[in-house]
């Protein structure tokens, strides 16, 4: 028979696993989105920036993947359908306009804002196992920095 404490820990564990898998899926989507953006810009500076962001998101996926393994859980292995649709929309939008770089930056801003909200939602309350909170907070901080950088880049266009 499960004690109240064991039941509470299991619930916390299960919620943490669910949140980590959602963030993992989001990181896969962002990494693919940045790789897609590399193909659609001319600027060497933007290509380099997007390569760095794709590498950073790859690092995020590794961190999240490792946390799920430490929790003895199976991580998701791919992004979401929503992310695939967003990348397709970005391709269509850039193919119909001359302002590819500005449109791509706008889509990056939209994607990063969504990531910030998802990470903040995951951190609400005390619904995650304590050991994963620093990782989530660190990733959130880096996403917020990226969001601010992309906004500045868009302003320069």
Compute the long axis of helix 44-70 from its Cα atoms, compare it with the longest principal axis of the Cα atoms of the chain, and write down the angle in degrees, 0 to 90, nearest 10. 10 degrees
Where does helix 4-39 land angle-wise versus the long Cα axis of the chain, in degrees 0 to 90, nearest 10? 10 degrees
Just grab the label-to-label distance for residue 72 and residue 155, each label 7 Å out from Cα along the Cβ direction, in nm (one decimal). 5.1 nm
Evaluate the relative contact order of the chain (contact order divided by residue number), counting alpha-carbon pairs under 8 angstrom at least 6 apart; express in whole percent. 28 percent
Estimated inter-spin distance, residue 18 and residue 123, nm [label 7 Å along Cα→Cβ]: 2.1 nm
I need the calculated FRET efficiency for the pair residue 43 and residue 4, taking r as the beta carbon distance and R₀ as 41 Å, to the nearest 0.05. 0.10
Quick one: angle between helix 100-123 and the longest Cα principal axis of the chain, in degrees between 0 and 90, rounded to 10, please. 10 degrees
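Read-outs throughout are calculated quantities, based only on the coordinates presented, and are distinct from any laboratory measurement. Treat the numbers as computed from the prediction; the structure is a model and nothing was measured. For neighbour counting, all protein chains shown are included, and Cβ atoms are generated from backbone atoms with ideal geometry for every residue, glycine included.
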